[in-house]
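Enquirer: Sharing a structure, written as structure tokens. Questions coming.
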Amino acid sequence: MADNGDDDNQYRIKEGDYVVLKRGEIFKAVQIQPRKKVIFEKQWIFLDNAVGQLYSTTFEILSGGNLKPNELKDSASPLDAVEAGTDNRNIVDDGKSQKLTRDDIEALKEKGLKGQDIIKKLVDNHATFGDKTEYSQVKYIKKKKKKYENTVMILKPSCRILAMMYHGREPGKICHLRYDTLAQMLTLANIHAGSKVLVFETCAGLVLGSIMERMGGYGSVIQMYPGGGPVRAGVESFGFPAHFHDTLHEFPICHVNALLAGTLDTSAKDPTAENTHEKQLNLAAEKEQNQPEAEEQGTPEEESMETNTGDDAGQDVEKMEKDKLKEAKAQVKKLRLEEKQRRLAATAALLKGRNADGLVIASRFHPCPVLLGLLKFLSPSRPFVVYSQYIEPLIECFKKLRECGGTVNLRLTDTWMRHYQVLPDRTHPLLLMSGGGGYLLSGTTVATDHSKPAGSKQAEEPAPKRQKLEDTEG
Amino acid sequence: MSFVEYSDFIQDGDVAILYLSHNNVMPVKVQQGAQTQTRYGVIRHSTDLIGQRYGSKVTCSKGWFHVLHPTPELWTVALPHRTQILYTTDIAFITMMLELKPGSIVCESGTGSGSLSHAILRTIAPTGHLHTVEFHQQRAEKVAEEFKEHRVDHLVTVRNQDVCKDGFGVTGVADAVFLDIPSPWDAVGHAKVAMKKHGGRLCSFSPCIEQVQKTCEALQDQGFEDISTTEVLLREHDVRTVSLPLPDFGPDPETTEEATPAAAPNHASITLKTTTLPREMPGHTGYLTFATKPRT
């Protein structure tokens, strides 16, 4: 099939791209940077040769760390001409079946032998390989492949891949959020393009990025953050196009109460027109300032010219430039602060209406106060989801929500996930399965009834047989 | 109102969800002048629904409940079943594992009652498209009608044909394919044709392990990679307050006179907030097999 160059462009790896390296079930998120050494599975790799290749290409890692695209696909299986036994009754596990020593194998590796060839050598030098059953032989080869194949695949990042990566590599960073639990959160919160979603997370930005992926650059995402600034390193790994970041806002929770009370001071000089005017004024002022200074410096300079060497004159010029630099830096800082203020005001405006479409919480903070504080920003009939590694905090949330009213369809759930090996006559669940993936509390907001604290009709205890006949309205 | 975009007020022609109680939700087609009978009494659309906010409380003669804006999740538990459907737990996992997002082009068969279809549409809107195939004529017609009522018909094409014989009706456009049919191995080849040249994701849902085995074999033969089979189950926890009585071992012989007899042991109990699991829980829905189509 003729490759249409233009069509493929979006599927080609470019310098600066955020990608995910994969070998088997091991993933690692990295950025393609020229001549930068990257460590993956105890090997140093240079990703330069990946630029221009298609995503999902498998590369061989050459000695030296450079990549080479893998062309051949399983040409000669090491099993082709080998006999097999019927069962293991005569196979003695004495550790002496493999004739190659560890040193021999190292030597082969150093010679630059490909993984496939090393495996063939191992099979050839295995004394009892022909006695193994066919299934056992396949299993042996698979195991060696995992150990000796020197390949890496480069993938385009996605929520699925990053969630699996974080859960496998650094679960502590994401509060042990298992990826199927994350999947539930995204669906239960009805994340979709065009909505306005509030997020409070301490999962390195994985939850935030996943939400942004599902919004496709439409609508807005507001990250409520504790402390000094929003932490969202994980968002970079998604490799979103620049315009996605226009939909991302942030708001410090230390201002939430003020915002709700209407006392938040967002008096920043907002219209950008004013900003540029100010910029111009400041630049002009700067110029003026510099000139007299230069003149002043000029005179002592002139005086000392006779006694100073050329270097000294250079030093004075240097000083002038340093001062200019300091001015410029202070100017940049001022502009940044103004920009920050402007953004804060804009985000406050988004929140003030209390008409957000969804709320997602996944953090190491106690979820109860976070939930109660942020629910106020949602419109009625909108979903919210709270993740917690532990069940007890969610039990508290559940009880609190029942007391306060204003929510329906509350559910405390967790998901159980199991993988299977599917092979002819060898199908079974895998031996190990994930112990736990955290818990979720989900629900929907409703119009708050201000007459009485809701005596909720949906009792947690099994519902009484008879329904209350009177209205609960006061 | 639409299933892919929120609105604030109920209007004539909307589909709204009546949340009667936990595990009791009812869809209603809002119509000027119409009435709907519920266990709490009659609701009159013109006065009780139209013009009201989504999320408001509706009071009837025998009680009250809330009206909610439709979402695919609420629709899944409220929709009239014409076939066995997929529930939110599986749907959520499928959505993430197929990497669905705004703009995705998806092929699905069989459409069935449209439970998954609505969830897909919500995720791929506003720029994606769903090509869904249903071999049962009445079901195909019914679901097309619903898409229209739910204001998502511009995002979906329903085809009444047999996917195993005639495929999805499109070539080289899909980012993802989903199969929930009795013989998915017969549709794998068609799935490959429907998918983009540069690759995509596939998922097949089957209740029986034999189906899974045949499907995995077919996927392997057709050159799919990363073939993996998983199942997900939901556990729901019931939050309860329980009171556990404390035993009375008689007066403690080592206590001094200061020991208060006031807290009479036979009245003592500890109250705690905890959860219990239901007596029975869904133990199996189906096996989910995922695979990646490489560049062809």
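Enquirer: With r defined as the distance between the Cβ atoms of A:Glu106 and A:Lys139 and R0 fixed at 25 Å, what FRET efficiency is calculated, to the nearest 0.05?
Expert: Numbers: r = 24 Å, r/R0 = 0.97.
So the FRET efficiency works out to roughly 0.55.
Enquirer: Along Cα→Cβ, 7 Å out, is where each label goes; now give me the distance between the ones at A:Lys37 and A:Asp425 in nm to one decimal.
Expert: The answer from the label model is 5.0 nm.
Enquirer: Given R₀ = 25 Å, FRET efficiency for A:Leu372-B:Lys62 by Cβ-Cβ distance, to 0.05?
Expert: Working: r = 32 Å, r/R0 = 1.28.
After rounding, the FRET efficiency stands at 0.20.
Enquirer: Answer with one residue from A:Pro157, A:Gly438, B:Cys216: the one whose Cα lies farthest towards the positive end of the charge dipole of the protein assembly as shown, charges on Cβ with Lys, Arg +1 and Asp, Glu -1.
Expert: Going by the Cα projections, it comes out as B:Cys216.
Enquirer: Excluding residues on the same chain fewer than 8 positions from B:Lys142, give the lysines whose Cα lies under 18 Å from its Cα.
Expert: Correct list for B:Lys142: B:Lys29.
Enquirer: First compute the accessible area of the protein assembly as shown with a 1.4 Å probe, then give the percent of it belonging to carbon and sulfur atoms. Intermediate results must be reported in sequence, preceding the final value.
Expert: Details: 19980 of 39050 Å².
Summing carbon and sulfur atoms, their accessible area is 51 percent of the total for the protein assembly as shown.
Enquirer: Amide H neighbours of B:Glu108 under 5 Å, at least 5 residues apart or on other chains, H built in the peptide plane: list them.
Expert: B:His131, B:Thr132, B:Val133, B:Phe178
Enquirer: OK, next. Using a 10 Å cut-off on Cβ to Cβ distances, tally the other chain neighbours for every residue of B:58-65 and report the average as a whole number. Could you put the intermediate results ahead of the total?
Expert: On the way: counts 0, 3, 1, 2, 5, 7, 6, 3.
Average neighbour count from other chains, rounded to a whole number: 3.
Enquirer: Once each part is reduced to its C-alpha centroid, what is the distance from region B:118-175 to region A:77-129 in angstrom?
Expert: Result: 52 Å between the Cα centres.
Enquirer: Next question. Rounded, prolate or oblate: pick one for region A:333-375, where a ≥ b ≥ c are the square roots of the eigenvalues of its C-alpha gyration tensor, a/c under 1.5 means rounded, and failing that, prolate if a/b is larger than b/c, else oblate.
Expert: Details: a/c = 3.58, a/b = 1.78, b/c = 2.01.
Judged from the Cα gyration tensor, region A:333-375 comes out oblate (a/c at least 1.5, b/c at or above a/b).
Enquirer: Here is a follow-up. Using the crude model of +1 on Lys and Arg Cβ and -1 on Asp and Glu Cβ, and no other charge, please compute the dipole size for chain B relative to its Cα centre, in debye to 20.
Expert: 1100
Enquirer: Let me ask something additional. Find the centroid of the Cα atoms in region A:376-432 and in region B:42-92, then give the distance between the two in whole Å.
Expert: Cα centres, region A:376-432 to region B:42-92: 22 Å.
Enquirer: With a 1.4 Å probe and all protein chains left in place, how much accessible area per residue does the protein assembly as shown have, in Å²? Please list the in-between numbers first.
Expert: Details: 39050 Å² over 770 residues.
That works out to 51 Å² for each residue.
Enquirer: Under 26 Å between alpha carbons, and skipping anything fewer than 8 positions from B:Lys273 in its own chain: which lysines qualify?
Expert: A:Lys376, A:Lys399, A:Lys400, A:Lys452, A:Lys457, A:Lys465, A:Lys468
Enquirer: Taking 7 Å along the Cα-to-C-beta vector as the label spot, tell me the B:Ala34-A:Met433 distance in nanometres, rounded to one decimal.
Expert: Rounded to a tenth, the inter-label distance reads 4.3 nm.
Enquirer: Taking R0 as 35 Å, what FRET efficiency do you get between B:Lys148 and A:Lys340 from their Cβ-Cβ distance, rounded to the nearest 0.05? Write out the running numbers ahead of the final one.
Expert: Working: r = 47 Å, r/R0 = 1.35.
Efficiency for this residue pair is about 0.15.
Enquirer: Run the 1.4 Å probe and let me know the accessible area of B:Asp238, rounded to the nearest 10 Å².
Expert: Accessible surface of B:Asp238 is approximately 50 Å².
Enquirer: Still on this structure, I have one more. Taking amide H positions as placed 1.01 Å from N in the peptide plane, with prolines and chain starts having none, which residues 5 or more places from A:His249, or on another chain, fall under 5 Å of its amide H?
Expert: Correct list: A:Val221, A:Ile222, A:Gln223.
Enquirer: Something else now. What does DSSP give for the protein assembly as shown in terms of the percent of beta bridges that are antiparallel, rounded to the nearest 5?
Expert: That works out to approximately 70 percent antiparallel.
Enquirer: Could you run the Karplus curve 6.51 cos²θ - 1.76 cosθ + 1.60 with θ = phi - 60° over region B:282-294 and give me ³J(HN,Hα) per residue in whole Hz, x for Gly and Pro?
Expert: 3J(HN,Hα) across region B:282-294, in whole Hz: x, x, 6, 10, x, 8, 10, 10, 10, 7, 10, 8, x.
Enquirer: Another question about this same structure. Using the crude model of +1 on Lys and Arg Cβ and -1 on Asp and Glu Cβ, and no other charge, please compute the dipole size for region A:309-444 relative to its Cα centre, in debye to 20.
Expert: Details: 22 positive and 15 negative charges, 141 e Å.
In debye, rounded to 20, region A:309-444 gives about 680.
Enquirer: Tell me whether chain B comes out rounded, prolate or oblate; compute the Cα gyration tensor, take square roots of the eigenvalues as a ≥ b ≥ c, and use a/c under 1.5 as the rounded threshold. Don't skip to the end; give the middle numbers.
Expert: Numbers: a/c = 3.08, a/b = 1.49, b/c = 2.07.
Since a/c reaches 1.5 but b/c is at least a/b, the shape of chain B is classed as oblate.
Enquirer: Excluding ligands and nucleic acids, what accessible area in Å² is computed for A:Lys340 using a 1.4 Å probe, to the nearest 10?
Expert: Roughly 120 Å² of A:Lys340 is accessible to a 1.4 Å probe.
Enquirer: So what is the relative contact order of region A:86-150, in percent, for Cα pairs below 8 Å that sit 6 or more residues apart? Spell out each step's value before the answer.
Expert: Details: 44 pairs, mean separation 31.2, N = 65.
After rounding, I find 48 percent.
Enquirer: Let me ask something additional. If packing is taken as the average count of other Cβ atoms within 10 Å, what order do A:194-200, A:38-44 fall into, highest mean first? Show your work: numbers first, answer last.
Expert: Details: A:194-200: 23.6, A:38-44: 12.3.
Descending packing order for the listed peptides: A:194-200, A:38-44.
Enquirer: Looking at chain B as a GNM with Cα springs under 10 Å, which of B:Ser56, B:Ser115, B:Ser204 has the largest mean-square fluctuation?
Expert: The residue with the greatest mean-square fluctuation here is B:Ser56.
Enquirer: For the interface of B with A, what's the total buried accessible surface in square angstrom, probe 1.4 angstrom, rounded to the nearest hundred? Provide the component values of the computation, followed by the final result.
Expert: Values: alone 16080 and 29170 Å², together 39050 Å².
Summed over both sides, the interface buries about 6200 Å².
Enquirer: Apply the Karplus curve 6.51 cos²θ - 1.76 cosθ + 1.60, θ = phi - 60°, to the phi angles in region A:372-380 and return the couplings in whole Hz, x for Gly and Pro.
Expert: Result, ordered by residue: 4, x, 8, 4, 4, 8, 8, 5, x Hz.
The values are calculated or read from the model by the stated rules, or taken from the named source; none is laboratory data. Computed from a predicted model, the values in this text were never measured in an experiment. Counting neighbours? That spans all protein chains shown, and the Cβs are built from the backbone with ideal geometry, glycine included. In case anyone asks, the SASA skips ligands and DNA or RNA and just uses the protein heavy atoms, side chains included. Shrake-Rupley method; radii C 1.70, N 1.55, O 1.52, S 1.80 Å.
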